[in-house]
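First up is the structure itself, then whatever we jot down about it.
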Amino acid sequence: MTDLLIRPAAPGDLDAVLAFWKTAAEGTSISDDRDGVERLVARDPEALLLAEREGELVGTVIAGFDGWRCHLYRLAVHPDHRRRGIGSALLTAADERFVRLGGRRGDAMVLVRNERAQHAWRAAGYEPQEQWRRWVKHLTD
């Protein structure tokens, strides 16, 4: 996988990332807009990791660390490039980032209906915690 480049996103990448998520990511998020991704990159320039092959964006993951917990979002691999180790490489890069920052445990939000993603997370060493439930409150209308 020597031809795979994993790097943090730069401000010039954001439109391509948003377009990529429409093709490769499962579902959409309230933060899937230019302002939301700009805030992410401005606050933590190394959180949004991109995987590129021959200059083409083929994968993403957000590896956010708030100083206490390590959160993973938007692990996405382009459908034409799946099952080639890109997701694993992104998660390895995220894990390495968390360790450098002093993180102790990573967690991921995975849609219940997304069985393919559940298999990928399990293969990467993550396991579901059925005793937890996600609680959400929208802060804007």
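Suppose the filter is part of a strand (DSSP E or B), crowded, with 19+ Cβ neighbours inside 10 Å and not hydroxyl-bearing (Ser, Thr, Tyr); does Leu72 pass it? Yes: the conditions hold for Leu72. Among the candidates Leu40, Leu14, Leu49, Leu57, the residue that is touching a helix residue (DSSP H, G or I) at 6+ places or on another chain (Cβ under 6 Å), surrounded by 16 or more Cβ atoms within 10 Å (Cβ to Cβ) and not in a strand (DSSP E or B) is uniquely Leu14. Applying the condition of being among the hydrophobic types (A, V, I, L, M, F, W, C) and touching a helix residue (DSSP H, G or I) at 6+ places or on another chain (Cβ under 9 Å) to the stretch 22-37 and asking which residue is farthest from Asp3 (Cα to Cα) yields Ile30. Ala120 satisfies every condition listed in (1) over 16 Å from Pro8 (Cβ atoms); (2) surrounded by fewer than 20 Cβ atoms within 10 Å (Cβ to Cβ); (3) out of contact with any strand residue (DSSP E or B) (no Cβ under 7 Å at 6 or more places or on another chain) except (2).
A short reminder: the numbers here are calculations on the coordinates, not readings from a lab. Note that the coordinates shown come from a computational prediction; the quantities given were computed from them, not determined experimentally. Using ideal geometry, Cβ is built from the backbone for each residue, glycine included, and neighbour counts are taken over all protein chains shown.
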